[in-house]
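This is the structure I have questions about; it appears just below.
The values are calculated or read from the model by the stated rules, or taken from the named source; none is laboratory data. It should be emphasised that the depicted structure is a prediction, and the values quoted were computed from it without experimental measurement. Reconstructed Cβ throughout: ideal geometry from the backbone, glycine too, with neighbour counts over all protein chains shown. All accessible areas refer to the heavy atoms of the entire protein, side chains included, with ligands and DNA or RNA removed. Shrake-Rupley method; radii C 1.70, N 1.55, O 1.52, S 1.80 Å.
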Amino acid sequence: QVQLVESGGGLVQPGGSLRLSCAASGRIFSISRRGWYRQAPGKQRELVAVISSSGDTNYADSVKGRFTISRDNAKNTVYLQMNSLKPDDTAVYYCNSYVRLVLESQYKDYWGQGTQVTVSS
C-alpha cells in the first residue's frame, strides 16, 4: 500500500505564506501526476494545483500567481508553496497521487489524510 503524509498546515494571517508537503511511502514503483485539492466547510472538494511526472503544472484560477506546486521525485514528495494567502483559502488541503506499486501493472489514486489551513487575522 501507499501512505501519503501531509504536513505544513496551520494558522496564518492574511497575506502570509505557508508551504505544504506530502511525502509518499510504501512499495512504490512509480508516481505519475500529483496534486493538491482542498475542501472548505460546506463546499465540495476542489482542485488547487496538479503537476505531471514531467513537471507540467496546472492551477485553479483562484490561486494562479499565488501558489506554486513542485515535486522532488527522489524524495517522493510534492510541495505547495502558498503566498499572499486570503481568508477564502481556508480549507482542509489534501494531497493526491497517481501511483503504481511494485509488482502491479496499473496506477491508482491515493489520498492523504488532509491538513488544515486557516487564514485569519
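Could you look through segment 61-113, keep only residues that are closer than 17 Å to Cys22 by Cβ and assigned to a loop (DSSP other than H, G, I, E, B), and pick out the one that is most open to solvent (accessible area, probe 1.4 Å)?
Here the answer is Gln113.
Where the second residue is open to solvent by 30 Å² or more (accessible area, probe 1.4 Å) and of a type in the set (Gly, Ala, Ser) and the first is farther than 20 Å from Ser70 by Cβ and in contact (Cβ under 8 Å) with a residue 12 or more places away in the chain and lies in segment 10-21, which pairs have Cβ atoms under 8 Å and are six or more apart or on separate chains?
Note: pairs meeting the criteria are Leu11/Ser120; Gln13/Ser120; Gln13/Ser121; Pro14/Ser120; Pro14/Ser121; Gly15/Ser84.
Here is a follow-up. Residues in segment 37-57: is at least one open to solvent by less than 30 Å² (accessible area, probe 1.4 Å), in contact (Cβ under 8 Å) with a residue 12 or more places away in the chain, within 11 Å of Asp89 (Cα to Cα) and not in a strand (DSSP E or B)?
yes
Restricting the search to segment 24-36, which residues are farther than 18 Å from Leu80 by Cβ and open to solvent by 40 Å² or more (accessible area, probe 1.4 Å)?
Ser25, Gly26, Arg27, Phe29 - these are the residues of segment 24-36 that are farther than 18 Å from Leu80 by Cβ and open to solvent by 40 Å² or more (accessible area, probe 1.4 Å).
This table checks each residue for (1) of a type outside the set (A, V, I, L, M, F, W, C); (2) farther than 24 Å from Ser121 by Cα.
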position	(1), (2)
Gln1	yes, yes
Ser25	yes, yes
Ser30	yes, yes
Arg33	yes, yes
Tyr37	yes, no
Val50	no, yes
Lys86	yes, no
